[in-house]
Amino acid sequence: MAVLSRNLLLASTLASLAFTQTIRKDEQIVPADESTVPVAAEEINNELVLTNDTLAELASLELSHISLFKFPENVEMKESTRRQLFTGCKTYPDHLLQPVWKIFNLLTGGALIKTVPVGAVCFINNEHYDAEKCQEILAHWNESPTHADDPTSIMSPLYQGKTCMPQNGNDSTCDIGGFPSYAVNISTVAQIQLAINFARNTNVRLVVKNTGHDFLGKSTGAGALSIWTHNLKSIDYIEQYTGRGYTGPAMKLGAGVEVGELYAAADKYGVSAVGGECKGVGVVGGYIQGGGHSPLSSLYGLGADQVLSIDIVLPNGRFITANATHHADIFWAVRGGGGSTFGVVTSMIVKVYPEVVYSGLTFNITSGNDSLANVTTEAFSAALESYWRRFPDYAAAKGHYGYSSVSPRFDGISGYTWQFHPWLAPGTNLIDFKKTITPLLVEWQAVGFDVEPSFFEYDNFYQPWLSHFPTEIVANANLRQSSRLISAKNWEDAATLNQTITTLKDILNSTLMIMYNIVGKRQQGVDNAVNPAWRETLFFVIVGSSWTDTSTPAEIEAANKAVTWNLGAKLRSISRGSGTYLNEADVAEPNFQQAFWGTNYDRLLAIKKSVDPWDTFWAPTAVGSENWYITNQKPWLPEQNGHLCRK
Ligand SMILES: Cc1cc2nc3c(=O)[nH]c(=O)nc-3n(C[C@H](O)[C@H](O)[C@H](O)COP(=O)(O)OP(=O)(O)OC[C@H]3O[C@@H](n4cnc5c(N)ncnc54)[C@H](O)[C@@H]3O)c2cc1C
């Protein structure tokens, strides 16, 4: 009943939708189309932006529905109407809004895209079926560009509801599920402003997607309008940036720049930049806004610590620059407060660093009793323990980044595999690196862990990153993860360290562990919203639980619950009061506010309420998200394929 009355209200608010969309031209009312409706943008300071004047001009031409794109201070709506429209669930972009999309598309210069799920080409009963394109999608399904280059596809399809998996093309139908209904392919600030104003004024769900890497389903949502920032690719090198507290080299990065693009550009200018380990991750999108750990973090701090200035469109549709002296609250919050919360970032200026020497190692070793094994499982276990015990000697003392994964063997044979990809020592030459790790290598030899690492040394960051880091594999639809930031305090007394190691070994019996010996080093003079737990961290660990396409519903439920209540609980038991990294966390992390932001949460929530009183921006586990829920969800798996409703 409430939904019906809201829809009727919306219909009356959008009165005359059923009629032709029009505009006045040469004193005549004519149909609104590409030849009559100008793109709503004005050039100011080299940016195409939306202004009051542009909107007033279009209103004076009586363009249909132009009031839906107004800034909040110009919106006239009775308080009772507003209250009714903005309670309950977000507006679904169904037939009530259909005619408005045409106007929206015209105002954006044709940038609106109606969603066709990326897998639709594989469904023989679908109007978009295309055997050749389907083969292409299937062949590259686990590669990040397949999803980053699509307006709405995401790399964790689990949260979309898996309603159009191309692998199922022959035997089911393709539904839109948790994909947004529309996306705007952003090339100007004005398009972002139009999208935000429209979503806020109509209460339509808004989503921001850059590459779609998010592990928690934060860049998708059923019935949403998505702002797709992937094509904002500008990179400008600033040889000598001067701002409060920093003078030195910097780069201005558009919102769509990916890690690999940043590293290539930095290399061209003879500097190195703080970014993620995987090529396709969006730098100033979710990565920096969530904190962002990097191969260089033990030396230079997290991604968020590098930011000098942020260009952002706020939930009120206004485009601002936030830095240490202007809009300081926004500047603080966006650096670590999480994506899709305080607005849409269009670009950031970040510090970059002169090149230093890089050394390190890689290895890949398997334990067991068969011919594939290099070492016994006893030796393996002892070697892993010595490595864990020596963590303070590396990331904390020397600025190293130890990135490895260890897991029970996948071939069913008793034993483990351990892959270093890589152990990187920024600022350390190979001779010194070997000196630092010699005590560990001696211990390894003594326990029979006969590993022969491949060592390397380079005079820049780009080469080791290109040569020794793994290619990212994405879009596994049957996987959930949990993670934890383990504090350096765990290494301060023997009993706690013993308990930590016992628990880690127990966890390792059943899951793959991605391990980072890393420090989120606090940079002098930098204050931001990054989880304070990062500053204490010596070990960031990710664990996962998976199932298969043939698993029973009971097995799938058990695997999902295990993430939160078995693996996650064990990690929490050895790190009380710490937290985890919001970008690589369990979407059902208990008390996520504390776990993702610790003592910063109250301030973040206050900023969120003041900058976005409409809750125009929402994403699962984002700041303020606790006031909303998605309809029809299993309690152990929050997907994005229902309606978004206020609690
Ligand atoms: C294979 C892989 C490797 C990874 N490696 C690392 C790593 O080395 N280090 C690390 O720290 N993390 C890593 N991550 C995690 C990564 O940082 C997050 O998934 C991050 O959110 C990705 O950001 P994105 O913009 O590319 O993705 P998206 O999924 O497009 O966006 C992520 C979130 O940010 C929001 N968002 C995106 N752009 C904007 C914008 N312009 N303004 C406002 N909100 C925006 C989205 O709405 C969403 O909430 C990795 C993830 C994967 C899948």
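Miscellaneous remarks
- The listed residues 149, 305, 53, 393 rank as 53, 149, 393, 305 when sorted by accessible area, largest first, using a 1.4 Å probe.
- Exposed loop sites, defined as GluC sites (Glu not before Pro) outside DSSP H, G, I, E and B with at most 14 other Cβ atoms within 10 Å, are absent from the longest region of the chain, namely 128-491.
- Solvent-accessible area per residue for the stretch 196-323 (1.4 angstrom probe, square angstrom): 24
- Probe 1.4 Å - accessible area at residue 327, Å² to nearest ten: 90
- Positive-end residue of 433, 446, 532, charge dipole of the stretch 427-551 with Cβ unit charges: 532
- When Rg and Dmax are taken over the Cα atoms of the stretch 235-352, they come to 13.0, 40 Å.
- Prolate/oblate/rounded label for the stretch 418-532 (Cα gyration tensor, a/c 1.5): rounded
- The stretch 358-600 - Debye-derived log10 I(q)/I(0), Cα point model, q = 0.07, 0.14, 0.15, 0.16 Å⁻¹: -0.24, -1.01, -1.16, -1.32
- Taking all C-alpha pairs of the stretch 531-647, those more than 18 Å from each other amount to 58 percent.
- Gain on full stretching of the segment that runs from residue 438 to residue 321 - 0.36 nm per residue minus C-alpha separation: 37.2 nm
- On a per residue basis, the convex hull of the C-alpha atoms belonging to the chain measures out at 162 Å³.
- With Cα atoms defining each centre, the stretch 337-381 and the stretch 135-173 are spaced 26 Å apart in the structure.
- Computed in the context of the full set of protein chains, the accessible area of the stretch 489-647 at 1.4 Å probe radius has 51% of its extent on carbon or sulfur.
- Extending 7 Å from the Cα toward the beta-carbon at both residue 138 and residue 476 defines two label points whose distance is 2.2 nm.
- Pairwise centroid distance, computed over Cα atoms, of the stretch 296-330 with the stretch 69-124, Å: 29
- Net charge in the neighbourhood of residue 293 (other residues with Cβ under 10 Å of its Cβ; Lys, Arg +1, Asp, Glu -1) is -2.
- Rounded to the nearest 10 Å², the accessible area of residue 497 at probe 1.4 Å: 20
- Among the protein heavy atoms, those of residue 36 account for about 30 Å² of accessible surface (1.4 Å probe, every chain in place).
- For the stretch 235-352, with all protein chains in place and a probe radius of 1.4 Å, 49% of the accessible heavy-atom surface sits on carbon or sulfur.
- For a 4.7 Å threshold on C-beta separation, the list of partnerless cysteines in the chain reads 278.
- Low-density loop cleavage sites - trypsin sites (Lys or Arg not before Pro) in the stretch 527-589, where at most 16 other Cβ are within 10 Å (DSSP): 576
- The angle between the Cα long axis of helix 259-268 and the main principal axis of the chain comes to about 80°, on a 0 to 90 degree scale.
- Per residue accessible area of the stretch 553-647, 1.4 Å probe, in Å²: 41
- Chymotrypsin sites (Phe, Trp or Tyr not before Pro) restricted to DSSP loop in the stretch 532-572 with at most 13 other C-beta within 10 Å: none
- Centre-to-centre, using Cα atoms only, the stretch 537-559 and the stretch 393-443 are separated by 25 Å.
- Environment charge at residue 532 (Cβ cut-off 15 Å; Lys +1, Arg +1, Asp -1, Glu -1): +4
- Average accessible surface area per residue within the stretch 380-440, 1.4 Å rolling probe, Å²: 35
- Here the calculated FRET efficiency for residue 102 and residue 264, from their Cβ-Cβ distance with R0 = 35 Å, stands at 0.30, rounded to the nearest 0.05.
The values are calculated or read from the model by the stated rules, or taken from the named source; none is laboratory data. As the structure is a prediction and not an experimental result, all values here were calculated from the model. Glycine also receives a Cβ, built like all others from the backbone with ideal geometry; neighbour counts cover every protein chain displayed. SASA here: full protein model, heavy atoms, side chains in, ligands and nucleic acids out. Shrake-Rupley method; radii C 1.70, N 1.55, O 1.52, S 1.80 Å.
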